[in-house]
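Participant: Sending over a structure as structure tokens; questions will come in a sec.
The values are calculated or read from the model by the stated rules, or taken from the named source; none is laboratory data. Everything numeric here is computed off the predicted structure, so don't read it as measured data. When we count neighbours, we look across all protein chains shown, and the Cβ atoms used for this are built from the backbone with ideal geometry, even at glycine.
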Amino acid sequence: MLRRGTAALALVLGVVLLGCSTGLRRQPLESSVKPPSFHEVLEEARRNPQVRRQLVLEAEGHLAEGISSLLVFGDGVAVLNGRRQFRVADETLVTILDLLIARGVAAWPEESPLPEGNALEIHRRLLVSIDQVSHLVIERNKRPPRPPLQELLRDIALLVQPAAAEGVEVSSLEEGLRLIAAGVLAPQVLTVNALAPGLPGAAGGATDGWQLTLQRGVLQASAYRLPEGVRPASRRTAPAEAAGLAQLLLEAGAARLPRQVHLEEGLFQLHIEVLGQRLAVQARRFAGKGATQGLEARDALLAVRDQLRRRFDAETRAAATTGAGG
């Protein structure tokens, strides 16, 4: 009886151990699950319109005759040569993805093999991003050329060229802001960068800095708190929000500000750009003749700064409430 009982116990233990080892093989650890390849992401974007809307394609260099840069977003907004906004149909976006998949772009290395030598200048560049995944391919001067990249960029440029002929350009920054405020131009073509850096040696003690940026439809508020460092919070803006910001800048006369403005205290930098029309303002304490720079525009600049600071404060409060972050 003792032998039979021992044998039965051994058999049960063997079955349990075998089941445990089999279970471990069949249930891999979560960390071992591979993220999708870029090729798989491209295929999913082709199939799924929601994923496709997250597409951003950037191409630079000699793409085709008269085309040196192209920017395409997944909602159909596109920019040619940095100066003309136009729209492409969703079918065109699918065709672009077809080209990327068929040419095997996901398997292309970032650069061609490099013989020894100096090759710093980028001749052509293609960057494809979908959500948080991206793939970069570049061709540099003094390196072996990359005919497949050249052909792909040419084919994409020629594909969108007919739609680009119906695009919109602006002759001034003020016109660009007005068209964004009216909803004619998309949020992606408005760039705003307002920066008031912290001043460790300020008369009243160290001051915190702040930065508010809008670029390609993404609004980011960054708090520079001493000694904690930078605390950014970003989110995608709605067209109405970008239109409101453009209207704010338009009404404040931001497009007519001089490049330099004398301030007795503090430092403020402002950059605004719409389709190649840009303005860069530096406001700080200037010495000598520089102290008279832009005095007539100082009140207007301070009004713009205060408006943007209020927008920054609203963004940081909202981020603290929702827990959003960059």
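Participant: As an exercise: evaluate residue 284 against (1) under 18 Å from residue 306 (Cα atoms); (2) at pLDDT 90 or above and give the number of the one condition it does not meet.
Facilitator: So the condition that residue 284 fails would be (2).
Participant: Follow-up question, since we're still on this one. Does residue 56 meet the test of being within 15 Å of residue 137 (Cα to Cα), touching a His at 6+ places or on another chain (Cβ under 7 Å) and either surrounded by fewer than 16 Cβ atoms within 10 Å (Cβ to Cβ) or at pLDDT 95 or above (or both)?
Facilitator: no
Participant: When you check residue 152 against the structure, is it buried (at least 17 other Cβ atoms within 10 Å of the Cβ), out of contact with any Phe, Trp or Tyr (no Cβ under 8 Å at 6 or more places or on another chain) and at pLDDT below 90, yes or no? Steps first, answer last, please.
Facilitator: Details: buried (at least 17 other Cβ atoms within 10 Å of the Cβ): yes; out of contact with any Phe, Trp or Tyr (no Cβ under 8 Å at 6 or more places or on another chain): yes; at pLDDT below 90: no.
Answer is no for this residue.
Participant: Please go through region 76-103 and pick out each residue that is in contact (Cβ under 8 Å) with a residue 24 or more places away in the chain and out of contact with any strand residue (DSSP E or B) (no Cβ under 9 Å at 6 or more places or on another chain).
Facilitator: Within region 76-103, 89, 90, 94, 95, 98, 99, 101, 103 meet the criteria.
Participant: Counting only residues that are within 21 Å of residue 172 (Cβ to Cβ), free of Cβ contacts under 8 Å to residues at least 60 places away in the same chain and in a loop (DSSP other than H, G, I, E, B), how many does region 257-279 have? So that I can check it myself, show each step before the final result.
Facilitator: Of the residues in region 257-279, the ones within 21 Å of residue 172 (Cβ to Cβ) are 257-261, 270-279.
Cutting the leftovers down to free of Cβ contacts under 8 Å to residues at least 60 places away in the same chain gives us 257-261.
If we keep only those that are in a loop (DSSP other than H, G, I, E, B) too, we end up with 257-259.
The total comes to 3.
Participant: Residue check: is residue 233 out of contact with any Pro (no Cβ under 8 Å at 6 or more places or on another chain), at pLDDT 90 or above and in the same structural domain as residue 299 (by TED's automatic domain parsing)?
Facilitator: Values: out of contact with any Pro (no Cβ under 8 Å at 6 or more places or on another chain): yes; at pLDDT 90 or above: no; in the same structural domain as residue 299 (by TED's automatic domain parsing): yes.
Here the answer is no, as residue 233 does not meet what is asked.
Participant: Still on this structure, I have one more. Return the residues of region 85-109 that are in a loop (DSSP other than H, G, I, E, B) and more than 21 Å from residue 184 (Cα to Cα); say none if nothing qualifies. Spell out how you get there, then give the answer.
Facilitator: Residues of region 85-109 in a loop (DSSP other than H, G, I, E, B): 88-89, 103-104, 108-109.
Result: 103, 104, 108, 109.
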